[in-house]
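Below is one structure, written out as structure tokens, with a few remarks after it.
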Amino acid sequence: MDKILCQIITVCGLSGPRWQQLTSRPLSVSAALCGPEAPPARADATFKVTMVPGDGVGPELMTAVKEVFKAGDVPVEFEEFHLSEVQNMASDEKLEQVLTSMKTNKVAMKGKIHTPMEFKGELASYEMRLRRKLDLFANVVHVNSLPGYSTRHNNLDLVIIREQTEGEYSSLEHESVTGVIECLKIITRDKSRRIAKFAFDYATKKGRSKVTAVHKANIMKLGDGLFLQSCAEIAQLYPKIKYETIIIDNCCMQLVQNPYQFDVLVMPNLYGNIIDNLAAGLVGGAGVVPGESYSAEYAVFETGARHPFAQAVGRNIANPTAMLLSAANMLRHLK
């Protein structure tokens, strides 16, 4: 663990002098939907960031982040909340405290809050409620090969952008008659156009050349058809960015066979959840892929593949790389 932390400090450049220029002025809302940005201000100030360690190995991963920040003399103060649905800590009051902190600080680091399988009267999990309350509509996962870690496909560099406030995760389920459950998938034009614009703005800002919309419109002709139509409409506003589409099942196969053909992928909620984890497997697993979630005002930094890895708790084997890379991305966002 100590060796990994030292390497991350070096790789991410988290030395004290580099971060003396960080500031504490309130974050402004970026005009482009690629995440809010912080303007430069005093060089002697400290940022306050909300921290939610989550379940499983989340607290251990956050400990690694705090150790690195301390070693690098990083001017960030964490406001920490322990929020869980499975450790007898489920509390709407605690959830509201977390939301208040996130709204005040504008930036947060979060571990995976595990969602119980059992239905206990509330369909929306804490994760889903946080996203909706903060309107964290865009989830961005960076899939990059790590130096010195060889996999089947090396030198990968692609980005997965997922709409995460509607789709299959709309928490609209009911039993119409005994033994028959209806689960509603919600796709709206406004949110589809918003995530498409985010993807194209991201590609433009980051110097990317292609955006691929992932869908299943051949079967879900109205729902995914609307998503696809919305992406096509936005694509016309960005003539310098190549636009393609691909069906979700073929996308899974193509990612395994030839992931180099992809640059930025944009997709609805459930597909993004699946593709995030598939893509993480291409570069080494859930422990090496960072991610973040954005609204027009807030930014939450987390691991790209959300897994509590409960079986590793207390064994000192959890890989902190994804969370440390996410922390480095947070610092880039703040500076």
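The values are calculated or read from the model by the stated rules, or taken from the named source; none is laboratory data. Everything quoted here is computed from the prediction, not taken from an experiment. Cβ: placed from backbone, ideal geometry, glycine included. Neighbour counts: every protein chain shown.
Worth a mention:
- Top-ranked residue of region 45-74 - restricted to ones that are assigned to a loop (DSSP other than H, G, I, E, B) and of a type in the set (A, V, I, L, M), ranked as modelled with the highest pLDDT: Val74
- Verdict on Tyr238 being under 19 Å from Phe198 (Cβ atoms) and in a strand (DSSP E or B): no
- Any hit, region 200-212, residues being in contact with a strand residue (DSSP E or B) (Cβ under 6 Å, 6 or more places away or on another chain), outside any loop (DSSP other than H, G, I, E, B), within 26 Å of Gly148 (Cβ to Cβ) and at pLDDT 95 or above: no
- Against the conditions (1) more than 13 Å from Ser192 (Cβ to Cβ); (2) within 22 Å of the chain's Cα centre (by Cα); (3) surrounded by 16 or more Cβ atoms within 10 Å (Cβ to Cβ), Phe227 satisfies every one except (1).
- Qualifying residue in region 172-195 (condition: within 16 Å of the chain's Cα centre (by Cα) and not in a strand (DSSP E or B)): yes
- Within the set Ser170, Ser125, the sole residue that is surrounded by fewer than 19 Cβ atoms within 10 Å (Cβ to Cβ) and in contact (Cβ under 8 Å) with a residue 40 or more places away in the chain turns out to be Ser125.
- All positions within region 21-44 that are outside any loop (DSSP other than H, G, I, E, B) and either aromatic (Phe, Trp, Tyr) or at pLDDT below 50 (or both): Gln21, Ser28
- Just one residue in the set Ala322, Ala299, Ala318 is modelled with pLDDT under 90 and aliphatic (A, V, I, L, M); that residue is Ala318.
- A single entry from Arg189, Arg132, Arg152, Arg162 fulfils the requirement of being of a type in the set (Lys, Arg), over 23 Å from Thr321 (Cβ atoms) and touching a residue at least 40 places away in the same chain (Cβ under 8 Å): Arg189.
Residue by residue, here is whether (1) without any contact (Cβ under 8 Å) to a residue 12 or more places away in the chain; (2) closer than 21 Å to Leu130 by Cα; (3) β-branched (Val, Ile, Thr) holds:
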| site | (1), (2), (3) |
| --- | --- |
| Cys251 | no, no, no |
| Gly291 | no, yes, no |
| Tyr294 | no, yes, no |
| Val300 | no, yes, yes |
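- Lone unmet requirement of (1) surrounded by fewer than 22 Cβ atoms within 10 Å (Cβ to Cβ); (2) at pLDDT 90 or above for Glu85: (2)
- Given (1) closer than 25 Å to Leu282 by Cα; (2) among the acidic types (Asp, Glu); (3) loosely packed, with under 15 Cβ neighbours inside 10 Å, number of the condition Glu182 does not satisfy: (1)
- There is at least one residue in region 266-275 that is assigned to a loop (DSSP other than H, G, I, E, B), of a type outside the set (S, T, N, Q), modelled with pLDDT of 95 or more and in contact with a Gly (Cβ under 7 Å, 6 or more places away or on another chain).
- Region 88-131, residues that are more than 19 Å from Glu302 (Cβ to Cβ), part of a loop (DSSP other than H, G, I, E, B) and at pLDDT 75 or above: Ser91
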